[in-house]
Amino acid sequence: MTTTATTTPAPPKDLRDFYEDPAVPVASGTPRSLRQARMLAAALGPVTRTPRTVLDIGCGDGTAAATAAPLLPGHRIVGVDWSQDALARARARLPYAVRGELSGAGLPFRTGSADAVLFSEVVEHLVDPDAALDEIRRVLRPGGHLMLSTPNLAAWYNRALLLAGVQPVFSEVSLRAIHGRPGREVVGHLRLYTARALREFVTAAGFEVVRLEGAPFHGVPRPLRPLDRLACARASLASILLLHARRT
C-alpha cells in the first residue's frame with residue numbers, strides 16, 4: 001500500500017451535495033454483499049405463508065440488494081435512499097426503490113412494518129448514527145433482523161499502519177482529497193468502528209447481537225488478498241464487520 005493524495009474535481013458545498021455527486025462510489029464489494037446475504041437468508045428462512053419485507057436502507061445503486069435477491073426468493077426487497085442519482089441506478093436492478101432518509105421526517109414506512117433491514121456500508125457516513133438506529137428500530141417488527149456492515153477501524157493492516165504513524169485505511173480527514181493514508185477515492189467516512197465498539201453501539205440502541213463476522217475488502221491490493229481472506233476468520237481483524245442483530 002502506498003500513500004497518495006487525490007483531489008476531487010469540485011469541492012462539495014455540504015454532505016448532501018457530496019453524496020449526490022455521481023462520481024462518489026455508491027456500491028461496495030461483492031464478497032461482502034454475498035456474505036451478508038447468506039446471513040440474512042439463514043435468519044429469514046424460506047417463505048412460508050407470507051413473504052417477508054426486507055428494506056435495504058442506503059441502497060446506493062442497488063447492488064447489495066440485487067446480490068441478495070437470488071438468495072431470498074419470494075421475499076420482498078425494497079431499496080431506500082435519499083440520493084436521486086443512486087435511486088435512478090437502483091431502479092434498474094430492483095422492482096421497488098423509494099426515496100427516504102433516516103433523519104428529518106424519517107423513513108416512509110409504518111412502525112413495525114419491516115421484517116429485516118439491510119444497512120450496508122452506511123453507518124460510517126452518518127452525522128447522527130444514534131438517530132439512524134432509532135429509526136431503523138421503529139420500522140422493524142419486534143424480533144426483526146438488522147444486517148449491518150461497516151469497515152473495521154482495527155483491520156489487520158490498519159494496526160500496522162498506525163504503528164508506522166500512517167492514517168488508517170477507511171478513515172478520512174477531508175471531503176476534498178485523501179491525506180496521509182493509502183487509497184485514491186474520497187468516500188465520505190465520518191465514523192469508524194472496531195468490533196467491540198460496534199457491538200456496544202448496537203446493543204445500546206435496543207438490539208441483541210446474534211452474530212458478528214468478518215468479510216474481505218475489495219480494495220486490498222491483490223498480493224495481500226489471501227491474508228485479507230484469512231483475517232476474516234477473526235472478525236476483530238477483518239477488513240469489514242458483518243453484524244446480525246435482532247430488535248428487542
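The values are calculated or read from the model by the stated rules, or taken from the named source; none is laboratory data. Keep in mind the model is a prediction, meaning the values are calculated, not measured. Glycine also receives a Cβ, built like all others from the backbone with ideal geometry; neighbour counts cover every protein chain displayed. Note: accessible area is taken over every heavy atom of the protein model, side chains too, but ligands, DNA and RNA are not part of it. Shrake-Rupley method; radii C 1.70, N 1.55, O 1.52, S 1.80 Å.
Principal axes first, then extents: for the Cα atoms of the stretch 86-171, list largest minus smallest coordinate on each axis, whole Å, largest first.
Principal extents (largest minus smallest coordinate, Cα): 49, 32, 24 Å.
Once amide H atoms are placed 1.01 Å from N in the peptide plane, what residues at a sequence separation of 5 or more from residue 112, or on another chain, have their amide H within under 5 Å of its amide H?
For residue 112, the qualifying residues are 139, 140.
Report in % the part of the accessible area of the chain that belongs to carbon and sulfur, leaving out ligands and nucleic acids; probe 1.4 Å.
55 percent
Treating only the Cβ of Lys, Arg, Asp and Glu as charged (+1, +1, -1, -1), what charge dipole size does the chain show about its Cα centre? Round to the nearest 20 debye.
Around 840 debye, computed over the chain.
Return the sequence-ordered ³J(HN,Hα) values of the stretch 228-237 in whole Hz as given by the Karplus equation 6.51 cos²θ - 1.76 cosθ + 1.60 applied to θ = phi - 60°, using x for Gly and Pro.
The phi angles translate into 5, 5, 4, 5, 5, 5, 10, 4, 5, 9 Hz.
So if I place +1 on the C-beta of Lys and Arg and -1 on the C-beta of Asp and Glu, and nothing else carries charge, what would the dipole magnitude of the stretch 49-134 be about its Cα centre? I want it in debye, nearest 20.
640 debye
Return the sequence-ordered ³J(HN,Hα) values of the stretch 142-153 in whole Hz as given by the Karplus equation 6.51 cos²θ - 1.76 cosθ + 1.60 applied to θ = phi - 60°, using x for Gly and Pro.
Coupling constants for the stretch 142-153: x, x, x, 9, 10, 10, 10, 10, 7, x, 9, 4 Hz.
Per residue, how much accessible area does the stretch 24-143 show when a 1.4 Å probe rolls over the protein heavy atoms, in square angstrom? Intermediate values should be presented prior to the final figure.
On the way: 5130 Å² over 120 residues.
Normalised by residue count, the accessible surface of the stretch 24-143 is 43 Å².
For the stretch 110-248, how big is Rg over Rh, using alpha carbon atoms and the Kirkwood form of Rh?
1.00
What are the ³J(HN,Hα) couplings of the stretch 84-94, residue after residue, when phi is run through the Karplus curve with 6.51, -1.76, 1.60 and θ = phi - 60°? Round to Hz, x for glycine and proline.
5, 5, 4, 5, 4, 6, 5, 5, 7, 10, 10
Mind checking the dipole of the stretch 66-213: about its Cα centre, +1 per Lys or Arg Cβ, -1 per Asp or Glu Cβ, Debye to the nearest 20?
Values: 17 positive and 15 negative charges, 56 e Å.
Charge dipole, the stretch 66-213, about its Cα centre: 280 debye, nearest 20.
What residue among 175, 212, 163 has its Cα farthest toward the positive end of the dipole of the stretch 154-230, where the charges are +1 on Lys, Arg and -1 on Asp, Glu, each on the Cβ?
Positive-most Cα among the choices belongs to 163.
Counting residues in the chain as N, plug N into 2.2 N^0.38 Å and put the Cα Rg over that result. Mind showing how you got there, number by number?
Values: Rg = 17.5 Å, N = 248, 2.2 N^0.38 = 17.9 Å.
For the chain, the normalised Cα radius of gyration is 0.98.
Taking N as the number of residues in the stretch 73-123, what is its Cα Rg relative to 2.2 N^0.38 Å? Don't skip to the answer; put the middle values down first.
Values: Rg = 11.4 Å, N = 51, 2.2 N^0.38 = 9.8 Å.
Taking N as the residue count of the stretch 73-123, the ratio is 1.16.
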